[in-house]
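In what follows, a single structure is set out as structure tokens and then discussed.
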């Protein structure tokens, strides 16, 4: 059975990420972001959202574990920032329904979604420029980088929250990540 660890970056939806993974039959646990990397025993990691980039604990070290990583909201922003991309304030701020355009139908994380998919996202901060090696895999009228991936390193991220009911086919995104981890 695939084992996923959700890294808690003190976001409001961390437990929903855990529950979604558990409900689709994954062996999953939540670990605090101060957990030493050597104590992470998993086939993949989810870096949860959270309130700010200054409270991400050991997340930089988790990127060196050589397992797939899926960043959600702040988790994606952290991956981008840590690996040389740019993160900045969004033009539209808080939570809202957003129609995203899937750009890469072959992307393992979001490629199976409808070409236009409705999601629930926060744009207080967002990725402005993806790091080297990453492809922009979804965009919207609100945010240029709604999703990104580096398939060579199995690093993925979405600006939106696939774990909430407001996001269409959100569970499918988690299924897709589990498939990457198998």
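The values are calculated or read from the model by the stated rules, or taken from the named source; none is laboratory data. Quick caveat: nothing in here was measured; it's all calculated off a predicted structure. Every residue, glycine among them, receives a Cβ derived from its backbone with ideal geometry; neighbour counts consider all protein chains shown.
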- Message: For a quick check of your reading: which strands (runs of 3 or more DSSP E) sit entirely within region 85-182 and have at least 3 residues that are surrounded by fewer than 22 Cβ atoms within 10 Å (Cβ to Cβ)?
- Response: 86-102, 116-129, 135-140
- Message: For the list (1) under 19 Å from residue 166 (Cβ atoms); (2) touching a strand residue (DSSP E or B) at 6+ places or on another chain (Cβ under 7 Å); (3) surrounded by fewer than 20 Cβ atoms within 10 Å (Cβ to Cβ), I need the number of the one condition that residue 22 fails.
- Response: (1)
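Hey, among 178, 127, which residue is modelled with pLDDT of 95 or more and under 22 Å from residue 12 (Cβ atoms)? Steps first, answer last, please.
Values: 178 fails: under 22 Å from residue 12 (Cβ atoms).
Every option except 127 fails the conditions.
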- Being over 18 Å from the mean Cα position of the chain (by Cα) and over 18 Å from residue 65 (Cβ atoms) is the filter here, so list the residues in region 24-55 that pass it. 25
- Note on the structure: Considering residues that are out of contact with any helix residue (DSSP H, G or I) (no Cβ under 8 Å at 6 or more places or on another chain) and either surrounded by 19 or more Cβ atoms within 10 Å (Cβ to Cβ) or under 26 Å from residue 138 (Cβ atoms) (or both), the number found within region 56-74 is 2
